Amino acid sequence: MNRRVNISKAHSETFKALGKLSKAATEAAAAADISPLLCELLKIRASQINGCAYCLRLHTKDAVTLGETQDRLAVLPAWRESEYFTAVERAALALTEAITQVSDHQVPDEVYVPVSQVLSEEQISAVSWLAITINAYNRVAITSHYTVKP
């Protein structure tokens, strides 16, 4: 069996620093009037794109605890095709997706310009930091091959 190094344990201080960054990003989101529920949706969407089962399970549970519905969670991967999401949620989802897929297209003006018409500079920054931190967590979990059992 191919044993993976759990990088969050092997360099625990580095992982703790990521936790502090994540906490600061969450605080910035709150200060920018990004709801805790939207924060969870953004984390779920990035984790779906990255295929991170560990983070998907964690943040889906958190979203449900905050009152998210099964209908919205079910259509989240196809949010553009639904009418479930507000303009702010749609802008934040678009920006999160662009940041998550930065190696494919960078963050193109076709995404950024419409986002900047809906979100304030503070909200754009907060959503960006949320996306950056969840992407880092996804990479830790996937690299370390965190197991997800029923």
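Brief remarks on what is shown
- The Rg/Rh ratio of the stretch 71-124, with both radii computed over alpha carbons and Rh defined as the Kirkwood radius, is 0.98.
- Nearest 10 degrees, 0 to 90: helix 87-100 Cα axis against the chain principal axis: 40
- Charge tally in the Cβ shell below 14 Å around Ile134, where Lys, Arg are +1 and Asp, Glu are -1, Ile134 excluded: +2
- Solvent-accessible area of Glu27 with every protein chain in place, 1.4 Å probe, in Å² to the nearest 10: 100
- Solvent-accessible area, 1.4 Å probe, carbon plus sulfur percent, for the chain: 56
- Counting only alpha carbon atoms, the long axis of helix 12-31 and the longest principal axis of the chain meet at about 20°.
- Virtual spin-label span in nm between Arg139 and Val88, 7 Å along Cα→Cβ: 3.0
- Distant alpha-carbon pairs in the chain (separation over 24 angstrom), percent: 31
- Close Lys-Lys pairs in the chain, where close means Cα under 23 Å and separation is 8 or more or interchain: 13
The values are calculated or read from the model by the stated rules, or taken from the named source; none is laboratory data. Computed from a predicted structure; not experimentally measured. Counting neighbours? That spans all protein chains shown, and the Cβs are built from the backbone with ideal geometry, glycine included. All accessible areas refer to the heavy atoms of the entire protein, side chains included, with ligands and DNA or RNA removed. Shrake-Rupley method; radii C 1.70, N 1.55, O 1.52, S 1.80 Å.
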